[in-house]
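Values in this text are rule-based calculations from the coordinates and carry no lab data. This one's a predicted model, so the numbers in the text were calculated from it and none came from an experiment. In this analysis, Cβ positions are derived from the backbone assuming ideal geometry, glycine residues included, and neighbour counts consider all displayed protein chains.
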Amino acid sequence: MRFDRSIKTGGDGLWSSSVKSVKTTELELDATKDADGKMWGELQIEFDTSSWNINEDGLIYTDKTFMNELRAELNFLGLIGDDVTYSEQGMQGNDYVSCDVGTEFIEQWIKKGLELEFYQLDY
């Protein structure tokens, strides 16, 4: 989904000390559901690389200010920001921040009718 926001970093992450505004552009969600109905997924927050370049600025991963502002923006959209956390460092991309989401976030995403790649586990 389109996500035109400016989200600040605080420079307090493990991988970056840059303090700046990051122009985000899209949210993309891939989710999995198990046989018991539990869901989890990866939310990618895509950003404009002219506003944040990982080669110069480092990874946004673990920046507390970015996460707090991201959650507030998601809450504003009616999604459950508190159900969003950074995924592991190795999942971060050149043009996106990777986050883990749980059942509550995914249920709200579905209720809003947003685009979703969904994978069913059969075991």
What Kirkwood radius, in Å to one decimal, follows from the Cα pairs of region 26-106? 13.2 Å
Rank the residues LEU27, LEU59 as a footprinting-exposure proxy: fewest other Cβ atoms within 10 Å of their Cβ go first. LEU59, LEU27
Take the chain, connect every pair of alpha-carbon atoms lying under 10 Å apart with a spring to form a Gaussian network, then pick out the residue of VAL84, VAL19, VAL101 with the largest mean-square fluctuation. VAL19
So how do TRP15, TRP109 line up by other beta-carbon neighbours within 10 Å, fewest first? TRP15, TRP109
Sorted by Cβ density within 10 Å, fewest first, the residues LYS8, LYS111: LYS111, LYS8
Under 24 Å between alpha carbons: how many lysine pairs meet that in region 2-120, if sequence neighbours fewer than 8 apart on the same chain are excluded? 10
Potential extension, GLU46-ASP95 segment - 0.36 nm per residue separation minus Cα distance: 17.1 nm
Just to confirm a number: summing +1 for Lys and Arg and -1 for Asp and Glu over residues other than PHE3 whose beta-carbon lies under 14 angstrom from that of PHE3, what do you get? -4
